[in-house]
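Read the figures in this text as sums done on the coordinates, not as results from a lab. None of these values were measured; they are calculated from a predicted model. All Cβ positions, glycine included, derive from the backbone under ideal geometry; neighbour counts span all protein chains shown.
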Amino acid sequence: MRRLFSLFLSIAIVLASLQSGTKQVFSFQKETPEEVIEKYLNAVISNDYQAAYAFISDNNKEIREWLEFLNFVTSIAPEKLISTIHLAHSLTRHQIVQIDLTGDGTAVINVESITPDMEKVLEITHSEDEIKSLYDNGSLPLKQKQGTFVLGKENNLWKIKQMEGASGDSASKIAMDLAGKLLSKEESLKLDNEIRNYQNKKK
């Protein structure tokens with residue numbers, strides 16, 4: 001009797017595990033295009049480029065290479081630059097304003113992004129505390145952009161196929177472009193050389 005009970009218990013545990021696993025897979029597969037975009041943008045804002053990578057179509061090398069590049073830069077850049085990138089991301093806001101599902105299985109999502117105008121910000125101050133204070137007071141220079149994401153299904157999962165205009169990497173791109181204002185000449189040259197070596201290896 002005990003053996004029979006143990007057998008039933010084991011079967012129940014296995015069935016429960018399988019049911020749980022099926023629910024998780026089904027739930028993941030039912031992610032809407034809107035949820036995919038929100039998770040992608042949140043991943044980039046959190047500087048988790050590897051997580052963001054998972055939402056990009058296998059056929060879009062450009063976005064994947066950009067995320068790989070961001071991941072590389074944040075692994076070698078001086079803390080001053082990285083900290084500014086993180087701050088710019090933390091002050092960036094995105095809002096989905098329109099979703100269109102086409103008949104060919106494509107989803108087009110328009111996103112409105114508000115991000116710090118880092119070029120103007122750094123003309124005012126380089127202090128992160130002062131930048132935060134300006135943001136809290138509503139006086140931080142900001143930029144508003146419209147972006148479009150095109151998604152399609154790959155293996156039953158929505159993936160980002162194209163991205164135009166504003167995107168989650170815009171704030172970090174601006175900060176990187178202004179590295180000369182944030183870093184010493186020696187640091188800028190060193191970073192520039194490492195980036196060039198990285199890009200040459202990718203060719």
Whichever lysines have a C-alpha closer than 23 Å to that of Lys185, once near sequence neighbours (fewer than 8 apart) are set aside: Lys80, Lys120, Lys173
Inter-label distance, nm, simple model (7 Å from Cα along the C-beta direction), Asn200/Glu154: 3.1
Whole-angstrom gap from segment 122-143 to segment 31-80, using each part's C-alpha centre: 25
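Which whole-number value in Å³ per residue fits the convex hull of the alpha carbons of segment 33-202? Numbers along the way, then the final one.
Details: hull volume 18.1 nm³, N = 170.
Hull volume normalised by residue count: 106 Å³.
I'd like the FRET efficiency for Lys61 and Asp192, computed as 1/(1 + (r/R0)^6) with the beta carbon distance as r and R0 of 30 Å, rounded to 0.05.
0.80
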